[in-house]
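For reference, the structure is listed below as structure tokens.
Just so you know, all these numbers are worked out from the coordinates, no wet-lab data involved. These numbers come from a predicted model, not from an experiment. In this analysis, Cβ positions are derived from the backbone assuming ideal geometry, glycine residues included, and neighbour counts consider all displayed protein chains.
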Amino acid sequence: MIRFEGVHKWFGALHVLNDINLHVKPGEVVVVCGPSGSGKSTLIRTINRLEPIQEGKLVVDGMDLLDKRTDINKLRAEIGFVFQQFNLYPHLTVLKNITLAPIKIRKVPPKEAEAQAMALLERVGLPEKRDAHPAQLSGGQQQRVAIARGLAMKPKIMLFDEPTSALDPEMIGEVLQVMKDLAESGMTMMVVTHEMGFAREVSDRIVFMDHGVILETAEPEEFFKNPKHDRAKQFLKQILSPMH
Amino acid sequence: MDFQVVWDNLSYFFVGRYPKGPLGGVGLTLYLAVVALALSFVGGLILGLLSISRNRAVRWVSSSFIQIIRGMPLLMVIFWMFFLLPALFGKGMPASMTVITALTLFTSAYMSEIVRAGIMGIPKGQTEAAVSTGLTHRQTMLYVVLPQALRNMIPSFVNQFVSMIKDTSLAFIVGVAELTQIATQVNNRTMMYPTEIFLFIAVIYFVICFAFTELSRWLERRLAYTKSI
Ligand SMILES: Nc1ncnc2c1ncn2[C@@H]1O[C@H](COP(=O)(O)OP(=O)(O)OP(=O)(O)O)[C@@H](O)[C@H]1O
Ligand SMILES: [Mg+2]
């Protein structure tokens with residue numbers, strides 16, 4: 001579904017992605033973790049070309065991202081993206097946030113798009129917020145709406161960049177629950193997160209990055225019990241007991 | 001002070017010779033300002049969008065145009081249009097048209113900066129979210145960025161409109177019978193009451209500008225994204 005082969009990316013002189021090789025299979029849930037600045041966001045943002053790559057091969061849902069003939073908008077429609085800062089459209093209601101893309105891109109009739117949006121709002125537990133504006137919602141609610149918006153185009157892949165990092169602790173659970181349900185429904189997912197409970201329980205594989213390099217790829221049990229790389233050991237120690 | 005001269009010429013101040021002759025006075029001032037503003041809105045939007053185009057040549061042309069206009073006094077632009085346009089399009093062109101063209105060119109250049117800043121002021125995350133769902137750049141601009149940017153620009157637009165109303169007074173120099181020109185005429189005819197006459201039109205300019213500023217405040221409040229929760 002997503003295949004990185006020898007992918008490199010630079011920001012000016014900064015080598016942010018260094019020889020990335022990774023294959024995510026359909027239905028797989030992959031968690032990406034690593035220290036701040038290691039290139040996690042950049043990695044998942046290359047998948048829908050929010051960040052272009054300079055070298056290597058990246059094939060997503062059968063489409064080659066470096067191929068000039070690839071219709072990037074079509075590819076992006078197949079990929080839902082959830083941001084740390086939600087990025088809901090503040091001038092639109094919750095319902096319109098969700099229906100904008102289906103109506104404008106797929107030309108879904110508004111009534112039908114609204115019905116589908118309501119079904120998504122049920123799924124994330126917020127049907128009563130259909131006419132609210134984003135500013136009237138809590139962070140957790142906003143992020144659940146953002147997930148519903150990401151699902152509105154019926155994507156094959158969902159990407160999450162630290163979806164709970166901007167949330168108050170009491171709201172993290174509700175968002176993780178929605179993501180867990182989504183994973184169980186068979187969605188292909190790549191999730192940048194430091195929520196190790198979620199990683200252990202939900203993910204199929206964990207990717208550990210540092211300085212733009214994937215240092216370790218392992219199943220969660222293996223990764224937590226027996227990390228191979230020193231940097232991973234150190235990272236886990238810090239993240240599991242941040243006071244030491 | 002004797003305001004009799006004002007009362008005697010009241011309808012002349014407000015509408016000129018209208019309906020027997022052409023519109024003048026306050027009516028013409030508002031007409032010039034409204035028409036030029038509507039055109040400047042379109043012009044500013046186009047210039048603003050061109051000046052952030054992804055095509056370098058397009059960007060360069062529109063930025064140069066904006067810089068040139070911004071480097072000229074409005075009066076100069078009015079003179080240019082007053083002599084240039086009839087030379088290009090024939091002598092039949094009314095002076096008020098040349099003034100509207102000049103005001104539009106001038107204000108479009110300023111408006112385009114407001115548009116550009118307004119668009120740049122929308123957080124990058126908004127565009128990223130929109131293109132992530134598969135919207136094209138054009139659709140993103142149209143449905144996500146511009147609606148938010150335009151809303152933020154309303155106060156600046158009203159400022160421009162208020163400036164525009166004041167700027168129309170320069171039309172008097174090419175003989176267009178807007179409020180200032182009318183006042184000058186009445187003053188030249190009577191020669192006795194310049195204080196009263198110019199005090200009166202100052203009040204009128206003030207009232208119009210004040211009213212529009214208040215209108216913008218009201219609009220701003222109404223358009224806030226959230227009524228109280
Ligand atoms: N647009 C950009 N221009 C230049 N450098 C950038 C840009 N975006 C990111 N970087 C740099 O690239 C490196 C990787 O950034 P990235 O955001 O991918 O890290 P991250 O692992 O997501 O970190 P965090 O956990 O803090 O979100 C960092 O050193 C960052 O400063
Ligand atoms: Mg990041």
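For the protein assembly as shown, a crude dipole built from +1 on the beta carbon of Lys and Arg and -1 on the beta carbon of Asp and Glu, taken about the Cα centre, is about 1140 debye to the nearest 20. Rg and Dmax, both from the Cα atoms of region B:136-229 and both in Å, are 19.8, 66. Taking 20 Å as the straight-line reach from the Cα of residue A:96, the aspartates and glutamates in range (excluding those fewer than 8 positions away in the same chain) are A:78, A:112, A:114, A:122, A:128, A:131, B:128. Membrane-span-like helices of chain B, defined as complete DSSP H segments with a Cα extent of 15 Å or more along the helix axis and a mean Kyte hydropathy of at least -1.0, are identified as B:25-50, B:56-70, B:74-89, B:95-120, B:146-167, B:179-190, B:194-223. Restriction of the trypsin sites (Lys or Arg not before Pro) in region A:1-92 to DSSP coil positions whose beta-carbon has at most 12 other beta-carbons within 10 angstrom yields A:68, A:69. If you average the sequence gap of Cα pairs under 8 Å that are 6 or more apart and divide by the length of region B:96-152, what percent do you get for the contact order? Over region B:96-152, the number comes to 40 percent. Set the Cα radius of gyration of the protein assembly as shown against 2.2 N^0.38 Å, with N its number of residues, and you get 1.33. With contacts taken as Cα pairs under 8 Å and at least 6 residues apart, chain A reaches a relative contact order of 26 percent. Each listed q (0.17, 0.29, 0.30 Å⁻¹) maps to a log10 I(q)/I(0) for region B:156-197, found by the Debye formula over equal Cα scatterers with no solvent: -0.53, -0.91, -0.94. In percent, rounded to a whole number, the relative contact order of region B:4-228 is 26, using alpha-carbon pairs under 8 Å and six or more apart. For region A:111-137 versus region B:105-172, the spacing of their alpha-carbon centroids is 30 Å. Mean per-residue shielding of peptide A:83-91 is 6, counting Cβ atoms of other chains within 10 Å of each Cβ. Candidate cross-link partners of residue A:9 among the lysines, defined by an alpha-carbon separation under 20 Å and a same-chain spacing of 8 or more, comprise A:40, A:57, A:68. Of the residues B:70, B:217, B:54, the one that moves most in a GNM of chain B with alpha-carbon contacts below 10 Å is B:54. Within the listed set B:143, B:110, B:193, the Gaussian network model of chain B (springs between alpha-carbon atoms below 10 Å) gives the highest mean-square fluctuation for B:143. Fewest neighbouring Cβ atoms within 10 Å first, the residues A:230, A:19, A:210 line up as A:230, A:19, A:210. Candidate cross-link partners of residue B:20 among the lysines, defined by an alpha-carbon separation under 21 Å and a same-chain spacing of 8 or more, are absent.
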